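The structure under discussion appears below in the form of structure tokens.
The values are calculated or read from the model by the stated rules, or taken from the named source; none is laboratory data. Note that this is a predicted model, so its numbers are computed, not measured. Cβ: placed from backbone, ideal geometry, glycine included. Neighbour counts: every protein chain shown. For accessibility, only protein heavy atoms count, side chains too; no ligands or nucleic acids. Shrake-Rupley method; radii C 1.70, N 1.55, O 1.52, S 1.80 Å.
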Amino acid sequence: MIESEWIYHETLGWLYPAAQNDGSVWFWSHKHGWHWTQDGLYPYFYRWRDLTWLYYMGLRKGRLVYWNYSTLKYE
């Protein structure tokens, strides 16, 4: 694992990245805890706490919106 520092994403906010040797990255955020993605996969994320895939849809009316593939609902 490669050491990282906090980063700020324009819409996702503060994230703590933990880059992996295979080019993928785990991010920690206050909203989702640990979630994983990699180049070519974003805006899809795998969320560790409930073992589900999310699709990041962006901001809607000032709120972050994701499609949850487990519940088949927006969150």
Seminar exercise, completed: Given a 1.4 Å probe, the accessible area of the chain per residue, as a whole number of Å², is 71
Problem set entry | Carbon plus sulfur fraction of accessible area for the chain, probe 1.4 Å, in percent | 57
For this session: Select from 18, 42, 64 the residue farthest towards the positive end of the dipole of the chain; place +1 on Cβ of Lys and Arg, -1 on Cβ of Asp and Glu, and compute about the Cα centre.
Result: 64
Problem set entry | Only Lys, Arg (+1) and Asp, Glu (-1) charged, at Cβ; the chain dipole about Cα centre in debye | 520
Exercise. What is the gain in length, in nm to one decimal, between residue 5 and residue 34 on full extension, counting 0.36 nm per residue of separation less the C-alpha to C-alpha distance?
Worked result: 9.0 nm
